[in-house]
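Worksheet: the structure to be examined is printed underneath.
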């Protein structure tokens, strides 16, 4: 089978869970002998069509006002204009269509579409190609993809979001099969009236750890955060909770990149603490095995929270906000879920982890078992089934 995967970002530009899913899926398909082409965005000077791990990668220049990944450099007016163009971007749709004519895939699987816009869907449909779409976030309901505003989650899309996303919701009729990375994110879109005629399924993002041995015992409790450094991820609350612990009792290791201003502010808050380490962008396999516990303090309703699966696969217990699709990943005694609206709960759980390290040790086996439910093999099988469903429609 020849598959075209459309993803806003891809290695080496990808930095989030959605991009890692697209890459993992593409490489697994290629390893099984399928012809895989990835269509992604590239900045000026990026190689246009290299082959990475058996996958042909086509990088198209972004035809919008500026490069927004991971953070927009524009003011309010610039952001509004960027999102207005991204509501319906025929230039990007035409560029994708031209590549599809060249590639001639048997099925197209779109992932994150920011920068491309949903205008690529009718471009696929006009060519009579089966189309599967993967829901990684709220992009089709909210121009900022989060449904999070002024420090709070939105119960429903606001009037402005509904206006900007009218084309996206209308164009969803072109999708033959829709995949949610969690039941939460799929149901939220179905309840919003999208994909009424598409074949729908949930496929959790898979991850396999090459090594998952326990870290050496002794020393301070090693707490970790891995993800985007953005306010809606709640890292500031984790930093404050950690700083409430007695100095020297634990270490906080922070991996990721994001909003430079937010990052600088948090680094200033921890400048006097040698037990807080800022590592920048790191790969999960290089970061997670050394941890005693990972904290996922998201304020936003995560579509899934792939980093939870990555931690479990390495046998690392997780303390996570009970938001969005995250609770679906917890099976057995593999960590703790908490309400991020309760400001006392996260500090209390860190203190509990510090005082009950024997409990953390026993949680490692449960974490490994929870991770096995989100295997790469299950993910691959789920996508192949979705591709077949799209083709049969």
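A short reminder: the numbers here are calculations on the coordinates, not readings from a lab. Since this is a predicted model, take the numbers as computed values, not measurements. Please note: Cβ atoms are built from the backbone with ideal geometry, for glycine as well, and neighbour counts cover all protein chains shown.
List of remarks:
- Theoretical gain in end-to-end length, residue 273 to residue 191 [0.36 nm per residue, Cα-Cα removed]: 24.9 nm
- Taking the number of Cβ atoms within 10 Å of each Cβ as an exposure proxy, the fewest-first ranking of 165, 270 is 270, 165.
- Fully extended contour minus Cα-Cα distance, from residue 355 to residue 285, at 0.36 nm per residue: 22.5 nm
- Across segment 273-325, Cα-Cα distances exceeding 16 Å account for 46% of all pairs.
- The relative contact order of segment 60-178, computed from alpha carbon pairs under 8 Å that lie at least 6 residues apart in sequence, is 26 percent.
- Relative contact order of segment 221-372: 25 percent, from C-alpha pairs under 8 Å at least 6 residues apart in sequence.
- Ordering 121, 88 by the number of other Cβ atoms within 10 Å of each residue's own Cβ, fewest first, gives 88, 121.
- Distance (nanometres) between label positions extended 7 Å along Cα→Cβ at residue 66 and residue 348: 4.3 nm
- The residue 261 and residue 52 beta-carbon pair, evaluated with R₀ = 30 Å, returns a calculated FRET efficiency of approximately 0.40.
- Ranked 147, 28, criterion: other C-beta atoms within 10 Å, fewest first: 28, 147
- Overall form of segment 221-372: rounded. Here a/c, set by the Cα gyration tensor axes a ≥ b ≥ c, is under 1.5.
- Pair residue 87, residue 156: separation of 7 Å Cα→Cβ label points (nm): 1.9 nm
- GNM top mover of 137, 342, 275 - the chain, alpha-carbon springs below 10 Å: 342
- Virtual paramagnetic centre 7 Å along Cα→Cβ of residue 106, amide N under 14 Å, in segment 376-391: 384-391
- Look at where the Cα atoms of segment 255-282 and of segment 146-216 average out, and the two centres are 29 Å apart.
- Segment 221-372 - share of DSSP beta bridges that are antiparallel (%, nearest 5): 0 percent
- Tensor-based shape of segment 9-118 (alpha-carbon gyration tensor, a/c under 1.5 rounded, otherwise prolate or oblate): prolate
- Fluctuation leader among 335, 258, 218 - the chain, Gaussian network, Cα springs under 10 angstrom: 218
- One chain, two ends: residue 183 and residue 339. Fully extended at 0.36 nm per residue, the span grows by 54.2 nm beyond their Cα-Cα distance.
- In the chain, the calculated helix contribution to ellipticity at 222 nm averages -11000 deg cm²/dmol per residue, counting -39,500 (n - 2.57) for every DSSP H run with n ≥ 4.
- Euclidean distance of C-alpha centroids, segment 101-135 and segment 354-392, integer Å: 28 Å
- Cβ crowding within 10 Å averaged over residues, with 155-161, 140-146, 61-67 ranked highest first: 140-146, 61-67, 155-161
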